[in-house]
Amino acid sequence: MAKLSIRDLDLKDKTLFIRVDFNVPLSADGKEISSDKRIRASLPTIQYALEHCAGVILASHLGRPKGKPRPEMSLRPVAARLSELLGRPVTMAPDCIGAETGKLRPAPGSVLLLENLRFHKEEEENDPEFSKQLASLADVYVNDAFGSAHRAHASTVGMVSYMPLAAAGLLMDREIEWMTKATRNPERPCVALLGGAKVSDKIEVIQNLIKVVDTLLIGGAMAYTFMRAKNEATGKSLVEEDKIELARELLASVGEKIMLPVDHVVVREIKPGAPNEVVTTIAADQIGVDIGPQTVEAYSAVIQAARTIIWNGPMGIFEMPPFDKGTVALAKAVANADAVSVVGGGDSEKAIKTAGVSDKITHVSTGGGASLEFLSGLDLPGVVALTDKSAAAT
Ligand code: AMP
C-alpha cells in the first residue's frame, strides 16, 4: 500500500511535527557528538519543509534514559550541530510536552527541537494521553525515522491517531521504496547475501527471503551451522548446536536455493595477525574466520548475474583484517553488478565503505533492526500507521 509522502502535502504556514532519528553517539559526558550521520540523513526532509514555508518541530529519542530526564542524554548538542548544518537557529525546547514547550510553536521557516522523547516513560509505553499532547503541538505529522519504525511508540504510532494526516519524510520514503522493491516484487534473478555471527538472529529473515529470492548465499559464522547440518567438518568454528536441526530442515525443503562456502580461511586462534590458510575441509583444531577465494568467485558470479541483490551481514570476522577480504570482495561484486542493491546492517555498510563503493549501492538502509524486520516480511508499525495515499485522495 503506497503511503502519503511529505511531497504530497500542502505545508504552507503549517506546523509540522517531524519524527526524526537523532539517536546519535555521544561522548560519555553527553557533550560531544561522535557522528552526525543521522542528523545529516534527515536534512533533506527538514530543508524541504522549511523551503515550503512550514514551521518545523523535530522530535527524537536518544539513548535509553528509561523514562527519566538524564542531562547526559539531552538533545541539546544535537540542536547546536543541526543549527550549524542548516545555517539557521534551532530553538531547543525544555521538554517534549507541556505548556512551556507548547508556547514555542515555530513560525514558518523556523525550527524547534523537542527534548528527548524517552525522558517520559509514556513514549515507549505508547501512552494515549502523552500521544495526544505530542499531537497537540502541530498540524501535520511526518515520520522520517525509519530506524524506529519497528517500534510502536507514542511518537511513531500513538500520536498518529490524533493527527489529520501522517506522511513519510524523504528518508523514510526512500527506505520504504527500495526495501519494498527489493523484497516484495524484485526484478529477477534476485539474490540475497546473508552473513554475520548467528543463524538465530536471522531465522525469520532466512525463512522470509527464501520465499522471495532465487538464490541465497550464506557466509559468516552462520554458514558453519548449515555445514554441520550437512555433516561437513567445521572444526572449532562458531556453530549453534541448537539450530542445526532447523538448518537441516531448511536445506531439505529449499536446499536447491541455498549456496554455502566451498572453501574457508582458517586460523588456530582468533587474534590479529594470526597465521591463516585456505582450506576446503576444516580440520578439528581450525576455526573458520572468512570465506575463501573459490567461494568469493562462485558468489561473485551469482551476484554478477543478479538484477536484485539484498545484503545483510559480513562474510567473516571482517573487523580483523585480513579476515575482511571475503566481505570486501563481495562488496565490490555487489557494487559492480547491474542490479538494484539494498544493503542493511552496520557491518555491511562498513564493508561497503572499506571497499570504497558506497556510491554504487542503490540503497543503504539507515535502520538496523527495522531493516531486519522488514526483510523478515513483518509490517513495521511506524510505516503501517502512515496515511495511505488512496485514503488521502478521498
Ligand atoms: P551480525 O551482527 O549478526 O551481522 O554479525 C556480525 C558479526 O559476525 C561480526 O562481528 C563478525 O565478526 C561476526 N562473524 C562473521 N563471521 C564470523 C566467523 N566466521 N566467526 C565468528 N564470528 C563471525
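The values are calculated or read from the model by the stated rules, or taken from the named source; none is laboratory data. Because the structure is predicted, anything quoted here is derived from the model rather than measured. Cβ coordinates were reconstructed from backbone atoms using ideal geometry, including for glycine residues, and neighbour counts include every protein chain displayed. Each accessible area value is taken on the protein alone, full model and side chains, heavy atoms only, with ligands, DNA and RNA left out. Shrake-Rupley method; radii C 1.70, N 1.55, O 1.52, S 1.80 Å.
Tally up the carbon and sulfur contribution to the accessible surface of the chain as a whole percent, 1.4 Å probe, everything protein left in place.
52 percent
On the full set of protein chains, 1.4 Å probe, figure out the accessible area of R248 and give it in Å² to the nearest 10.
90 Å²
To the nearest 20 debye, what charge dipole does the chain have about its Cα centre, counting +1 at the Cβ of each Lys and Arg and -1 at the Cβ of each Asp and Glu?
480 debye
Please give me the summed charge of the neighbours of A229: other residues whose Cβ is under 13 Å from its Cβ, Lys and Arg +1, Asp and Glu -1.
Local charge sum for A229: -2.
Protein chains only, probe 1.4 Å: how do T225, T387 rank by accessible area, largest first?
The ordering from most to least exposed comes out as T387, T225.
If you line up the long axis of helix 76-86 against the longest principal axis of the chain, both from Cα atoms, how many degrees apart are they, to the nearest 10?
That helix lies at roughly 90 degrees to the long axis.
Which one, A370, A197, A99, has the greatest fluctuation when you compute a Gaussian network model over the chain with C-alpha springs under 10 angstrom?
Highest fluctuation of the listed residues: A99.
Does anyone have the angle between helix 325-336 and the longest principal axis of the chain? Alpha-carbon axes, 0 to 90°, nearest 10?
That helix lies at roughly 60 degrees to the long axis.
Taking 0.36 nm per residue of sequence separation and subtracting the Cα-Cα distance, how much length would be gained by fully extending the chain between A28 and D338, in nm to one decimal?
Full extension from A28 to D338 adds 107.2 nm.
Antiparallel as a % of all DSSP beta bridges within the stretch 186-375, to the nearest 5?
30 percent
Residue by residue, what Karplus-based ³J(HN,Hα) values in Hz, rounded to whole numbers, does the stretch 106-114 have, using 6.51, -1.76 and 1.60 with θ = phi - 60° and x for Gly and Pro?
x, 6, x, x, 10, 10, 10, 9, 6
If you take every DSSP beta bridge whose two residues both sit in the stretch 6-172, what share of them, in percent to the nearest 5, is antiparallel?
5 percent
Just the Kirkwood number for the chain, please: inverse of mean 1/r across all distinct Cα pairs, in Å, one decimal.
Result for the chain, one decimal place: 22.4 Å.
Using a Förster radius of 35 Å, what is the FRET efficiency between D95 and K12 based on their Cβ-Cβ separation? Nearest 0.05, please.
Efficiency computed from Cβ-Cβ geometry: 0.80.
Return the subset of K350/K389; K325/K360; K31/K360 for which the Cα-Cα distance in this structure is over 30 Å, preserving the input order.
Where the Cα-Cα span goes over 30 Å, the pairs concerned are K350/K389; K31/K360.
Indicate the gyration tensor shape class of the stretch 186-375 (rounded, prolate or oblate), computed on the Cα atoms with a ≥ b ≥ c the square roots of the eigenvalues: a/c under 1.5 is rounded; otherwise a/b larger than b/c is prolate and the rest oblate.
Oblate is the answer for the stretch 186-375, as a/c is 1.5 or above yet b/c matches or exceeds a/b.
Once you sort the root eigenvalues of the Cα gyration tensor of the stretch 223-327 as a ≥ b ≥ c, which label holds: rounded (a/c under 1.5), prolate (a/b larger than b/c) or oblate (the other case)?
oblate
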